[in-house]
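These notes are about the structure you will find just below.
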Amino acid sequence: MSGTSSAAKSMNLTLHVWRQAAAHAPGGIVDYPANDISPDMSFLEMLDVVNERLTEGGQEPIAFDHDCREGICGSCGVMINGAAHGPMKATTACQLHMRSFSDGDEIWIEPWRAKAFPVVKDLIVNRSAFDRIIQAGGYISAPTGTPQDANALPIRKPDADLAMDNAACIGCGACVAACPNASASLFTAAKITHLAVLPQGQPERSTRARSMVETMDLEGFGGCTLFGECQVACPKEISIDAIMQMNRDYIMASATKVELGEWAGSA
Amino acid sequence: MRRLLLFWGSTVGKKVVMAVTGIVLVGFVIGHMLGNLQMFRDAEAMNNYAAFLKSTGGLLWVARAGLLTAAVLHIIAAVQLTLINRAARPTAYVRRDPQVATFASRTLRWGGVILAVFIVYHLGHFTTGTFHPAFSHRDVYGNVIIGFRSVWVALFYVIAMASLGLHLFHGVWAGVRTLGLQQRSEVPIQRTVALWVAIVVWAGFTMIPVAVLLGVLN
């Protein structure tokens, strides 16, 4: 393949998009032509163009979630040709470009599917179940006064790296979407691991593991079968090693003594 | 007790139960496979080995009770998790392409059903003799030879052992990970260990019906 981007030919595509007017309305796949699409457009820009044409034609545009459009906010995310965020590794839907497709392609676009992620409209799902998992323990309780000296708490470099790798989770929900069990294990485990390897996370480590795992179950997500689909779908390449950490912490927490008042904040 | 119920109530707790019972069952399966290899020495070695197992008396029943408990817990947890997992996605995708999930992991549940049916048949075939045409409580070697002369019976054993191999390939790896026992690594050694456990157990068991059918054992 040669040629500069400006010389790149435009593409004609066929979209098969899930349309659903409201949460409890019936939904179905509707076909749309997407002609004269530049390979330099992002996937969401392609949808913008399609929506503009739909609006001009007096039709309802396709609703989809988006915000930063630079791959860091976690707002966007749809199933593209059967894969969460589409065919590119470590890429959110907004950072996927149309050059990943070829002229004449058919593209299937569906919302994340999980009981815990009900469809709001078209491709938009409600992901507040993730917020409730975080509220169950994905934080540290610390006074936010004058910051202490940066080196007051020594942290080994590998631990700092591991915490950072897991903190990279943007909560987009691709792990749930890609999992055959619609499990939120990778999300929950990333949040648990991020804090479990840092000294600041130690005081609440046991309650955190227990109440986050219980909330994850209560929200109606499935369990982990270690298919490995989540870590391939994850735009931040979070490893399923995190799930080992979650299980370890959950086992340890279940085996240790329940302290008075420990359940106050749990679900 | 309340804590135990909470643990069992969670998906992680059920997976831990599956991992622990799975390890017990893997241990049994390896021992059983090694014992069966006596078939390739001679009839006397096989029958002596069987007589030795029987001679352990009470201990044999302790082992049987332990294995039954492990199998029952493993199956209950598997059924419950499957129901939870199915319920977690009430609306199926029109299109979802598995990216990396292995054949072994995707067939784990139905493979487990095949193994459960097989275990019931196998106990009736070689332990109680209910499904065996000419069962003898002394001549275990003869039971095996006569049992596998039926092509259909031998074929069922071969299929069941293929399911077992696939079950072990995913299960040994996943079980170790579920318990959080693995070290972080790009190329986890447990994948290799699981592969070899699966191949050795599958080959060790499958050799016997195949050898009888080919006339190597008679």
(request) Amide H neighbours of A:Val120 under 5 Å, at least 5 residues apart or on other chains, H built in the peptide plane: list them. (result) A:Val125, A:Asn126
(message) What would the Debye equation give as log₁₀ I(q)/I(0) for chain A at q = 0.15 Å⁻¹, counting only Cα atoms as equal point scatterers?
(response) -1.06
(message) Just to confirm the number: angle between the C-alpha axis of helix B:108-122 and the first principal axis of chain B, 0 to 90 degrees, nearest 10?
(response) 30 degrees
(request) State the dimensionless ratio Rg/Rh of chain B (Rg: radius of gyration of Cα atoms; Rh: Kirkwood radius). (result) 1.01
(message) If I fit a long axis through the Cα atoms of helix A:241-255 and take the longest principal axis of the Cα atoms of chain A, what angle between them do I get, 0 to 90°, rounded to 10?
(response) 40 degrees
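Between B:Val200 and A:Tyr139, what FRET efficiency follows from the Cβ-Cβ distance if R0 is 51 Å, with the result rounded to 0.05?
On the way: r = 47 Å, r/R0 = 0.93.
My answer for the efficiency is 0.60.
Over all directions, how big on average is the projection of the convex hull of the alpha-carbon atoms in the protein assembly as shown, in square nanometres?
Values: hull surface 125.1 nm².
Here the figure is 31.3 nm², rounded to one decimal.
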(request) Decide, for the stretch A:72-210, between rounded, prolate and oblate: order the square roots of the alpha carbon gyration tensor eigenvalues as a ≥ b ≥ c, take rounded if a/c falls under 1.5, and otherwise choose prolate if a/b is larger than b/c, else oblate. (result) prolate
(request) For A:Lys157, go through the lysines and keep the ones whose alpha-carbon is under 21 Å away, minus same-chain ones fewer than eight residues off. (result) A:Lys191, A:Lys236
(message) Taking a ≥ b ≥ c as the square roots of the Cα gyration tensor eigenvalues, with a/c under 1.5 meaning rounded and otherwise prolate when a/b beats b/c, else oblate, which class fits the stretch B:1-67?
(response) oblate
(message) Starting from 0.36 nm per residue, how many nanometres of slack lie between A:Ala152 and A:Thr256 once their C-alpha separation is accounted for?
(response) 34.5 nm
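Mean projection of the alpha-carbon convex hull of the stretch A:1-147 over all orientations, in nm²?
Convex hull of Cα atoms, orientation-averaged projection: 12.7 nm².
Suppose only helical runs count, i.e. DSSP H with n ≥ 4. What mean residue ellipticity at 222 nm does that imply for the protein assembly as shown under -39500 (n - 2.57) per run, divided by all residues and rounded to the nearest 500 deg cm²/dmol?
On the way: 17 runs with 242 residues, N = 485.
Calculated mean residue ellipticity at 222 nm is -16000 deg cm²/dmol.
If I stretch the segment between A:Asp48 and A:Thr91 completely, what's the gain in nm (0.36 nm per residue apart, minus their alpha carbon distance), one decimal? It would help to have the intermediate numbers written out before the result.
Working: separation 43, 0.36 × 43 = 15.48 nm, distance 1.89 nm.
Stretched fully, the A:Asp48-A:Thr91 segment lengthens by 13.6 nm.
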(message) Output the 0 to 90 degree angle, nearest 10, between the alpha-carbon long axis of helix B:58-87 and the longest principal axis computed from the alpha carbons of chain B.
(response) 40 degrees
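When N is the residue count of the stretch B:16-114, what does its C-alpha Rg come to as a fraction of 2.2 N^0.38 Å? Provide the component values of the computation, followed by the final result.
Values: Rg = 19.2 Å, N = 99, 2.2 N^0.38 = 12.6 Å.
Rg over 2.2 N^0.38 Å, computed on Cα atoms: 1.52.
We did not get these values from a lab; they are worked out from the coordinates using the rules stated. Note that the structure is predicted; figures quoted are calculated from it, not measured. Reconstructed Cβ throughout: ideal geometry from the backbone, glycine too, with neighbour counts over all protein chains shown.
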